[in-house]
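Visitor: Submitted below is the structure of interest, expressed as C-alpha cells.
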Protein chains: 2
Amino acid sequence: MTLDLTGDAVTLTQQLVDIESVSRNEQAIADAVEAALLPLDHLRVSRLGNTVVARTELGRGERVVIAGHLDTVPLNHNLPARLDAETGILHGLGSCDMKAGDAVMLRIAATVREPNRDLTLVFYEGEEIEGEFNGLRMLGESDPDLLTADFAILMEPSDAVVEAGCQGTLRAEVRTNGERAHSARSWKGVNAIHKVGEVLDRLNRYEARRPVIDGLEYHEGLNAVAIHGGVAGNVIPDECVVEVNYRFAPDRSQAGAEQFVREFFEGFDVAVTDSAPGALPGLDVPAAKAFIEAVGGEVNPKFGWTDVSRFSALGVPAVNFGPGDPMFAHKQDEHVPVEHIERCEQQLRDWLEAGL
Amino acid sequence: MTLDLTGDAVTLTQQLVDIESVSRNEQAIADAVEAALLPLDHLRVSRLGNTVVARTELGRGERVVIAGHLDTVPLNHNLPARLDAETGILHGLGSCDMKAGDAVMLRIAATVREPNRDLTLVFYEGEEIEGEFNGLRMLGESDPDLLTADFAILMEPSDAVVEAGCQGTLRAEVRTNGERAHSARSWKGVNAIHKVGEVLDRLNRYEARRPVIDGLEYHEGLNAVAIHGGVAGNVIPDECVVEVNYRFAPDRSQAGAEQFVREFFEGFDVAVTDSAPGALPGLDVPAAKAFIEAVGGEVNPKFGWTDVSRFSALGVPAVNFGPGDPMFAHKQDEHVPVEHIERCEQQLRDWLEAGL
C-alpha cells in the first residue's frame, strides 16, 4: 500500500490501521512508512530492522524527537478500520495505540519542512512485546546519536493531553514453602498456601505513596497479580507463589523499588523477575516548558510505564502526548476520536512553526 | 498369565504386580483372577465388568466380605516387581496398594475351603479414579445381595493392623470476586487475590476437632489444597479461587460437614464440588470383635477415606486391614514388607479356621 501524506491525518490513520502489523510482523508497514518519507528531501531517512528514522538537519539550537511504535497487540476481529462519521470515532486494531499518533507524525514530516527546532521522527517496531524486540531500545544501543535530543515526545495515547514522566514497574515472586502430606493426615505436613495469609495481610495493609513531583501527583500501587499453589486435591501443598507487581513513582529508582519490596515482604522468599525504571517528568527544561505552553498548559502524571523511560535513561526529558484514550488500548473495541487526531496534529504544527 | 494359587502369597503378589492394571485397564488381571478362581468348586464365581466375586455358600450363621481393588495408579517406572531378599521388601507398582492384599485373598480362597463363616471375596476395578468407575459401587447398585454381610474387611494397606472406620472428605471452592483494572491504576479496580487474605486467616485460626468414637481418636483437617488467580502481569485480578479439603470424623454427616464449611467461610462464595461420607468404626458387632481379637486386639482410627464407607452406607460394618504402609501407596518407590503379607494371610486364616 502507498501512503498518501497529502491527505488528512484521519484518512492516513485508516490506511495505517489497514496494514496489519502485529508485533514481529512490521515489515509491510515499515516499508510503507519508509517509502512515503524517502521522497521528502528535507529529511534524512535511515532504517534499522523495521524501525525508520527521519531527521531534519537545519542546525537549529534545539532538537526534538517524536516517536511512535508501528506494531500492535494481536488481532481480535477488529480489522479493517471503520470510521463512524456520525460519532466521529475511528475504530480498529491499533487506531488508538498508536497509529493515529504515527499518522500525525507522518503529516508533520510532510508539511512542516522548516521547523523551528530540528526534528527526529522515529517509527519503531516491537513495543508491545518483550523488551528484547523493542526497536527504540535497539536504536538507542546501535545508534545512540540518532536519539540525541533536548526533548522527546512519545505519541502514546494520552487523551491528547500531556502526560509527564512515567511510573516504574517491578514484578516479583513471593514464595512460601511447606511440606507435603496426605490431606487426611494434614498435621503431618506444613501448608504453604496457608502461609500466604500473612503475605496477603500485608498487601491489605499497604498504603500507597503519592509523591508530588514537579507539581504532579503520582500514585503507586502494590498488588498481587497472580497466585498459584497446589499439588492435588488430597495433598497438603508444599509451595505457593504470589506474583506481585509494584508500580513506583519516578522519584524512586529500580534499586529503591526492589529494596522496598524486599523489606515489605521480609521473612519471605522474594525473587525479582522483571523491572523497568520510571521517568521523572523533567518539565523544567526550556523545550518541555515551551511545548506544554503550546498545547494549553495542562499536564497529568503518567501512571503506566512507557518508553519515555528509555529517553529518560538516555538523559532526554520526555513526555507522552498522543490521540486516544489509553483505557481503550489493547481492547477489542479499540478506537480513537477524530477530534483528538486533528487536535494533536494542529498543536504539534503550531508549536513547531511558532515564531517562524 | 496363569496365577498359581498353590504357591506362597509373596510370589503371587509378584505375579499380580507384573500384570499391569492401571485404572481402566483391568481386563487382563480380572481375567487371570477369574481363571484362577473358577476351578475352585467350593466357590461360586461371578463377574461384573472387571469385578470378580467368589462366594462360599455353606449356610454359616455369619458372612464376611473381604474386598480388594485390582487397579493401580499410573505407571512411574516401577514395573516389574522386584523382591529384595536381603531386606524382605517387595517393590513395584501396586505392591502395597493393594496387590499384596489381593494375593492374600486369593490364597484364602484357595486354601480355606470350609471357613467358619461364609466368605464373599470381591476383586474390583476402578478404585483409584472417579467414583463413577468404582467396581464396588457398581456392584452395590446392580447386585446389592452380593455385598450383604455381617462384617467386611477391606484390604487397604494399614501396616497389617486394623484401622477402623474412615473419615469423610469434602472439597469446596471458596471464591472471591473483584474488578479488573490496569495495575498501573490499581485503585480503579478491586483485587480479588487480596480478598483471599481473610479466607487464609480463617484457615490459620482453624482448630481441628478430635472426637473419640468407640475409643478411637479421629482427627479432622481443613486445608487449602489449591489456589489460583490472575489475569496477566499488568492486570488487577477479578477472581481468585481457593480449593479447600475438609476431612471430617465419622460422627459428622456429609450435610453436617457442608454446613460447617459454609459457616466457616461465611461471607464468601462457597461451592461444594465433591463429598464422600465417613464410616463409623462399628466395632461393637460380634464379627468385628472376634476379628479384632484374632488379629491381636490393636485398632487404630483410619484418617483417610476408603471404600469402607461404601460398606457402611450398605449397613455393613467394615474395617481396613491389609499389608503395606499406606504412606508408600501412590509413591514411585511403592513397596510392601514380605512379613506383612505373611502375617495378614496367617491371621485371616487363623480367624476363618478358628473352632473348626
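Visitor: Just give me the residues in the stretch B:174-186 being surrounded by fewer than 22 Cβ atoms within 10 Å (Cβ to Cβ) and more than 7 Å from chain A (Cβ to nearest Cβ), in sequence order.
Guide: Once the filter is applied, which keeps residues that are surrounded by fewer than 22 Cβ atoms within 10 Å (Cβ to Cβ) and more than 7 Å from chain A (Cβ to nearest Cβ), the stretch B:174-186 yields B:Arg175, B:Asn177, B:Gly178, B:Glu179, B:Arg180, B:Ala181.
Visitor: I'd like the full set of residues that are among the charged types (D, E, K, R) and within 22 Å of A:Arg202 (Cα to Cα), limited to the stretch A:241-284.
Guide: A:Glu243, A:Arg247, A:Arg252, A:Glu258, A:Arg262, A:Glu263, A:Glu266, A:Asp269, A:Asp274
Visitor: OK, next. Can you pull out the residues in the stretch B:187-201 that are buried (at least 16 other Cβ atoms within 10 Å of the Cβ) and more than 23 Å from B:Val244 (Cβ to Cβ)?
Guide: Across the stretch B:187-201, the qualifying residue is only B:Gly189.
Visitor: Open to solvent by 10 Å² or more (accessible area, probe 1.4 Å), polar (S, T, N, Q) and away from chain A (no Cβ under 12 Å): does that describe B:Thr169? Outline the logic, then answer.
Guide: Working: open to solvent by 10 Å² or more (accessible area, probe 1.4 Å): yes; polar (S, T, N, Q): yes; away from chain A (no Cβ under 12 Å): no.
Taking the combined requirement at face value, the residue does not satisfy it.
Visitor: Determine whether B:Ala249 is away from chain A (no Cβ under 11 Å) and either surrounded by 24 or more Cβ atoms within 10 Å (Cβ to Cβ) or closer than 22 Å to A:Val235 by Cβ (or both).
Guide: Answer is yes for this residue.
Visitor: I need every pair where a residue in the stretch B:7-30 that is surrounded by fewer than 21 Cβ atoms within 10 Å (Cβ to Cβ) has its Cβ under 6 Å from the Cβ of a residue that is not hydrophobic (A, V, I, L, M, F, W, C), sequence separation at least 6 or different chains.
Guide: B:Asp18/B:Pro80; B:Val22/B:Thr72; B:Val22/B:Pro74; B:Ser23/B:Asp71; B:Ser23/B:Gly126; B:Ser23/B:Glu128; B:Gln27/B:Asn50
Visitor: Just to be sure before I move on: is A:Gly229 touching a strand residue (DSSP E or B) at 6+ places or on another chain (Cβ under 6 Å), within 24 Å of B:Arg205 (Cβ to Cβ), part of a loop (DSSP other than H, G, I, E, B) and within 12 Å of chain B (Cβ to nearest Cβ) in the structure I sent?
Guide: Against the criterion (touching a strand residue (DSSP E or B) at 6+ places or on another chain (Cβ under 6 Å), within 24 Å of B:Arg205 (Cβ to Cβ), part of a loop (DSSP other than H, G, I, E, B) and within 12 Å of chain B (Cβ to nearest Cβ)), A:Gly229 does not qualify.
The rows are residues; the columns are (1) within 14 Å of chain A (Cβ to nearest Cβ); (2) in contact (Cβ under 8 Å) with a residue 60 or more places away in the chain; (3) buried (at least 22 other Cβ atoms within 10 Å of the Cβ).
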residue: B:Val241; (1), (2), (3): yes, yes, no
residue: B:Thr273; (1), (2), (3): yes, yes, no
residue: B:Ala287; (1), (2), (3): no, yes, no
residue: B:Phe291; (1), (2), (3): no, yes, yes
residue: B:Ala294; (1), (2), (3): no, yes, no
residue: B:Phe303; (1), (2), (3): yes, yes, yes
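Visitor: Within the stretch A:200-221, track down each residue that is assigned to a strand (DSSP E or B) and either aromatic (Phe, Trp, Tyr) or within 8 Å of chain B (Cβ to nearest Cβ) (or both).
Guide: A:Gly221
Visitor: Any residue at all in the stretch A:229-239 that's in contact (Cβ under 8 Å) with a residue 60 or more places away in the chain and either charged (D, E, K, R) or touching a helix residue (DSSP H, G or I) at 6+ places or on another chain (Cβ under 9 Å) (or both)?
Guide: Checked against the condition, which is being in contact (Cβ under 8 Å) with a residue 60 or more places away in the chain and either charged (D, E, K, R) or touching a helix residue (DSSP H, G or I) at 6+ places or on another chain (Cβ under 9 Å) (or both), the stretch A:229-239 yields at least one hit.
Visitor: Looking at (1) surrounded by 17 or more Cβ atoms within 10 Å (Cβ to Cβ); (2) closer than 30 Å to B:Val225 by Cβ, can you tell me which one B:Val338 breaks?
Guide: Among (1) surrounded by 17 or more Cβ atoms within 10 Å (Cβ to Cβ); (2) closer than 30 Å to B:Val225 by Cβ, the lone unmet condition for B:Val338 is (2).
Visitor: Of the numbered conditions (1) within 23 Å of A:Arg209 (Cβ to Cβ); (2) modelled with pLDDT under 95, B:Val190 fails exactly one; give the number of that condition.
Guide: Evaluating B:Val190 over (1) within 23 Å of A:Arg209 (Cβ to Cβ); (2) modelled with pLDDT under 95 leaves (2) as the failure.
Visitor: I'd like to know if the stretch B:26-47 contains one or more residues that are of a type outside the set (Val, Ile, Thr) and on the phi > 0 side of the Ramachandran plot.
Guide: No, because not a single residue in the stretch B:26-47 is of a type outside the set (Val, Ile, Thr) and on the phi > 0 side of the Ramachandran plot.
Visitor: I need the full set of residues from the stretch A:202-215 which are modelled with pLDDT under 95 and either surrounded by 13 or more Cβ atoms within 10 Å (Cβ to Cβ) or of a type in the set (Lys, Arg) (or both), in order please. Walk me through it before giving the result.
Guide: We begin by selecting, within the stretch A:202-215, every residue modelled with pLDDT under 95; these are A:213-215.
Matches in the stretch A:202-215: A:Ile213, A:Asp214.
Visitor: Might you let me know whether the stretch B:222-239 holds any residue that is modelled with pLDDT of 90 or more, out of contact with any Ser or Thr (no Cβ under 6 Å at 6 or more places or on another chain), within 30 Å of A:Asp274 (Cα to Cα) and acidic (Asp, Glu)?
Guide: Checking the stretch B:222-239: at least one residue is modelled with pLDDT of 90 or more, out of contact with any Ser or Thr (no Cβ under 6 Å at 6 or more places or on another chain), within 30 Å of A:Asp274 (Cα to Cα) and acidic (Asp, Glu).
Visitor: Within the stretch A:254-264, take every residue that is touching a residue at least 40 places away in the same chain (Cβ under 8 Å) and open to solvent by 10 Å² or more (accessible area, probe 1.4 Å) and give me the one that is nearest to A:Thr169 (Cα to Cα).
Guide: So the residue we want is A:Gln254.
Visitor: Of everything in the stretch A:275-284 that's among the hydrophobic types (A, V, I, L, M, F, W, C) and open to solvent by less than 40 Å² (accessible area, probe 1.4 Å), which residue is farthest from A:Gly221 (Cα to Cα)?
Guide: The qualifying residue farthest from A:Gly221 (Cα to Cα) is A:Leu283.
The values are calculated or read from the model by the stated rules, or taken from the named source; none is laboratory data. Note that the structure is predicted; figures quoted are calculated from it, not measured. Counting neighbours? That spans all protein chains shown, and the Cβs are built from the backbone with ideal geometry, glycine included. Surface areas here come from the heavy atoms of the whole protein model, side chains and all, with no ligands, DNA or RNA. Shrake-Rupley method; radii C 1.70, N 1.55, O 1.52, S 1.80 Å.
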